[in-house]
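The values are calculated or read from the model by the stated rules, or taken from the named source; none is laboratory data. Note that the structure is predicted; figures quoted are calculated from it, not measured. With ideal geometry, Cβ positions are generated from the backbone for all residues, glycine too; neighbour counts draw on all protein chains shown. Ligands, DNA and RNA are stripped out before the accessible areas are found, and what is left, the full protein with its side chains, is counted by its heavy atoms. Shrake-Rupley method; radii C 1.70, N 1.55, O 1.52, S 1.80 Å.
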Amino acid sequence: MTSNCLTIDVGTTNTKVTLWCNGIPEIKQFVTPKKTIATQTNFELGYLWDEIVKTISSFDPISLKKVTQIAVASFGESGILLDEKNNPIGQCISWFDDRAQIIVDQITEEKKSRIYQLTGLPVNAHYSALKIAWLLKYDKTITMPLAKYKWLCVPDYLVYRFTGNLATEYTIASRTLCLDIKTGKWSKEVQQLLGISNISFPEIYSAGCNLGYVQGKLGKLFAQECQVIIAGHDHMCGAAGVGLGEAELLDSTGTTEAMMTIVKHFDISSRAQKNALANGIYVDGRHYTRFTAMPAAGSTIAWLMNLCRINENKLVELMNEAQKGYNDYSLFKSRVLVMPHFNGSGSPNKMSSSKGIIYGLTSQTTLVELIFGLFLGLTCEFKIAYTALFDSERYHLIKVIGPAAKDPLWLELKADILQANVISIDTEQAVSEGAYVIATKHHLKGKTHRYEPTTDNQKQQYLNRMFKIYQMLYQDKLKHDL
């Protein structure tokens with residue numbers, strides 16, 4: 001009997017459940033359950049689990065019966081506390097929620113530096129450890145903050161629901177702020193520094209390891225002894241899916257945008273700390289990751305679409321007009337630039353309080369100019385982070401996955417502004433495909449398109465001028481943000 005594989009990609013916006021039969025995917029998705037009150041957003045794990053079970057049950061039962069592996073990929077940082085009876089307690093704070101900043105503000109620079117030396121991560125409100133500290137101090141439903149609790153990140157929780165076992169994986173553990181980057185073990189010192197010594201974490205396994213078998217009634221849907229694995233953090237799964245090499249940079253786009261490279265050594269230098277470079281352990285267990293995420297990408301594009309009341313078809317039409325105006329130089333009189341700090345700023349100056357800017361508007365500004373200014377701004381922001389993080393290691397090949405892989409204007413601007421070769425990998429679901437590759441060891445080939453940096457002198461002059469304007473705005477804005 002030919003075996004099938006099921007992958008679950010828990011995303012910020014949508015969760016995708018994919019049934020793979022002979023390498024061919026059948027994808028079903030639903031909106032990831034979350035609840036927002038004012039500025040605070042929680043993921044609702046009970047509803048998430050129910051929707052996953054409901055979606056799995058909607059597949060063809062004969063195909064499900066051939067599934068021998070279930071691979072889970074997810075965003076990082078978010079998770080849930082379990083009490084001594086393994087019942088969930090407290091809230092599952094969304095990874096992008098900044099309420100733990102109140103905890104961060106109480107940590108001395110000396111402690112932040114020590115934590116970076118241990119974990120390879122800058123102290124940031126998004127990481128699990130700070131969420132845990134906030135929950136213990138401010139979540140009123142946790143009446144015994146000094147009691148013993150266990151912490152499970154979101155994919156760990158799903159593994160627990162499938163198998164009854166408590167386990168995690170290295171790329172997920174790398175996003176907790178509690179993993180010692182040097183030893184690959186949980187750091188009791190960091191827990192002590194953050195006041196969360198009463199929390200225990202699950203045993204860590206490599207990506208793709210069998211973490212248990214599906215139990216109970218759900219198990220009857222699948223092949224006997226169907227294995228459950230964690231494929232890893234979503235961006236790292238995407239990197240594995242496209243076969244990212246050491247000399248290449250991954251640009252993973254979605255609600256946010258992340259850049260990542262895989263290296264043989266972690267970097268915990270003072271410069272790396274200053275630029276908020278995040279280190280982690282890669283899915284293969286032999287490499288480390290250097291990573292940063294910017295809170296602007298799909299979310300900012302969605303904002304503009306809502307503001308201007310345009311649908312996807314209209315956006316594509318406007319982007320095509322903008323690309324034409326860029327290539328025939330007719331947009332070169334425009335000075336419109338959007339600084340996309342709508343959800344805070346990214347590296348090297350991460351500030352959740354940073355606000356966006358739209359520069360260069362006049363009474364004659366067109367919607368096409370605004371669209372072009374947005375993608376120009378997104379690319380300039382990317383270059384700011386890229387230059388800060390990798391100025392000593394130029395990456396001449398950038399692999400782009402996610403929605404941006406289908407945006408020729410954005411891809412052309414990336415190649416031209418960064419002066420690097422850009423390859424778009426048009427996969428239907430990059431993270432799900434990465435999870436499939438990690439689970440089955442069978443590689444998939446997506447459609448690719450190569451964008452080479454421009455040698456057009458007029459374009460280069462225009463882009464250099466606009467990037468200088470962006471840098472000046474960025475530096476001036478830093479003073480006010482601080």
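Of all residues in the range 348-386, those that are within 20 Å of the chain's Cα centre (by Cα) and of a type in the set (V, I, T) total 2. Residues that are farther than 15 Å from R286 by Cα and either more than 25 Å from the chain's Cα centre (by Cα) or of a type in the set (S, T, N, Q) (or both) within the range 200-211 comprise S200, N210, listed in sequence order.
Within the range 12-28, track down each residue that is over 16 Å from I70 (Cα atoms) and either touching a strand residue (DSSP E or B) at 6+ places or on another chain (Cβ under 8 Å) or not in a loop (DSSP other than H, G, I, E, B) (or both).
T13, N14
Would you say Q419 is on the phi > 0 side of the Ramachandran plot and either aromatic (F, W, Y) or surrounded by fewer than 23 Cβ atoms within 10 Å (Cβ to Cβ) (or both)? For Q419, the condition - on the phi > 0 side of the Ramachandran plot and either aromatic (F, W, Y) or surrounded by fewer than 23 Cβ atoms within 10 Å (Cβ to Cβ) (or both) - is met. Against the test of being open to solvent by 20 Å² or more (accessible area, probe 1.4 Å), modelled with pLDDT under 95 and more than 30 Å from V400 (Cβ to Cβ), the options E225, E203 yield a single qualifying residue, E225. Any chance the range 450-463 includes a residue that's among the hydrophobic types (A, V, I, L, M, F, W, C) and under 22 Å from G232 (Cβ atoms)? No: zero hits. In contact with a helix residue (DSSP H, G or I) (Cβ under 8 Å, 6 or more places away or on another chain), open to solvent by 60 Å² or more (accessible area, probe 1.4 Å) and closer than 24 Å to C237 by Cα: is that true of N165 in this structure? Spelling it out, N165 is indeed in contact with a helix residue (DSSP H, G or I) (Cβ under 8 Å, 6 or more places away or on another chain), open to solvent by 60 Å² or more (accessible area, probe 1.4 Å) and closer than 24 Å to C237 by Cα. Residues satisfying the criterion are present in the range 365-372 (criterion: free of Cβ contacts under 8 Å to residues at least 40 places away in the same chain and either under 15 Å from T292 (Cα atoms) or not in a helix (DSSP H, G or I) (or both)). Out of T163, T171, T143, one residue alone is under 16 Å from L81 (Cβ atoms) and of a type outside the set (G, A, S). It is T143. Cβ separations smaller than 6 Å between residues 6+ apart or across chains give the following pairs from the range 186-199 residues that are more than 17 Å from L152 (Cα to Cα) to residues that are open to solvent by 20 Å² or more (accessible area, probe 1.4 Å): L193/K111. Within the range 188-222, the set of residues being part of a loop (DSSP other than H, G, I, E, B), among the aromatic types (F, W, Y) and closer than 26 Å to D60 by Cβ comprises F222 only. Looking across the range 88-132, the residues that are hydroxyl-bearing (S, T, Y) and within 20 Å of K35 (Cα to Cα) come down to S94, Y127, S128.
Within the option set A276, A239, A296, being crowded, with 24+ Cβ neighbours inside 10 Å, assigned to a loop (DSSP other than H, G, I, E, B) and over 10 Å from the mean Cα position of the chain (by Cα) holds for one residue only, A296.
Would you point out the residue of the range 450-473, among those that are open to solvent by 100 Å² or more (accessible area, probe 1.4 Å) and within 30 Å of V431 (Cα to Cα), that is nearest to the chain's Cα centre (by Cα)?
So the first thing to find is which residues in the range 450-473 are open to solvent by 100 Å² or more (accessible area, probe 1.4 Å), and the list is 450, 452, 455, 461, 468, 472.
Filter again for within 30 Å of V431 (Cα to Cα), leaving 450, 452.
Numbers: R450: 24, E452: 26 Å.
Checking each candidate, the answer is R450.
So that you can scan it fast, the table gives a plain yes or no per residue for (1) touching a Leu at 6+ places or on another chain (Cβ under 9 Å); (2) open to solvent by 10 Å² or more (accessible area, probe 1.4 Å):
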position: N349; (1), (2): yes, yes
position: G356; (1), (2): no, yes
position: L361; (1), (2): yes, yes
position: T365; (1), (2): no, yes
position: E369; (1), (2): yes, yes
position: F372; (1), (2): yes, no
position: A385; (1), (2): no, no
position: A388; (1), (2): yes, yes
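Within the range 168-181, take every residue that is over 16 Å from R114 (Cα atoms) and outside any loop (DSSP other than H, G, I, E, B) and give me the one that is most open to solvent (accessible area, probe 1.4 Å). Walk me through how you get there before you give the answer.
As a first pass, look at the range 168-181 and keep what is over 16 Å from R114 (Cα atoms): 168-175.
Still in the list and also outside any loop (DSSP other than H, G, I, E, B): 168-173.
Values: T168: 2, E169: 2, Y170: 57, T171: 1, I172: 0, A173: 1 Å².
Across the range 168-181, the extreme among qualifying residues is Y170.
Can you name the residue in the range 139-151 that is assigned to a loop (DSSP other than H, G, I, E, B) and either of a type outside the set (A, V, I, L, M, F, W, C) or within 23 Å of L389 (Cα to Cα) (or both) and is also most open to solvent (accessible area, probe 1.4 Å) among such residues? The qualifying residue most open to solvent (accessible area, probe 1.4 Å) is K140.
Picking from residues in the range 1-11 that are more than 20 Å from D50 (Cα to Cα) and in a loop (DSSP other than H, G, I, E, B), the one that is modelled with the highest pLDDT is S3. Residues in the range 331-347 that are over 30 Å from the mean Cα position of the chain (by Cα) and surrounded by 15 or more Cβ atoms within 10 Å (Cβ to Cβ): L331, F332, S334, R335.
The lone criterion from (1) more than 23 Å from the chain's Cα centre (by Cα); (2) acidic (D, E); (3) crowded, with 24+ Cβ neighbours inside 10 Å left unmet by D156 is number (1).
Mind listing just one residue for me: the one in the range 299-330 that is small (G, A, S) and part of a helix (DSSP H, G or I) and, of those, farthest from the chain's Cα centre (by Cα)? Walk me through how you get there before you give the answer.
Residues of the range 299-330 that are small (G, A, S), as a first pass: 299, 302, 322, 325, 330.
Okay, now just the ones that are also part of a helix (DSSP H, G or I), so 299, 302, 322, 325.
Working: S299: 13, A302: 17, A322: 28, G325: 32 Å.
Per the criteria, the residue is G325.
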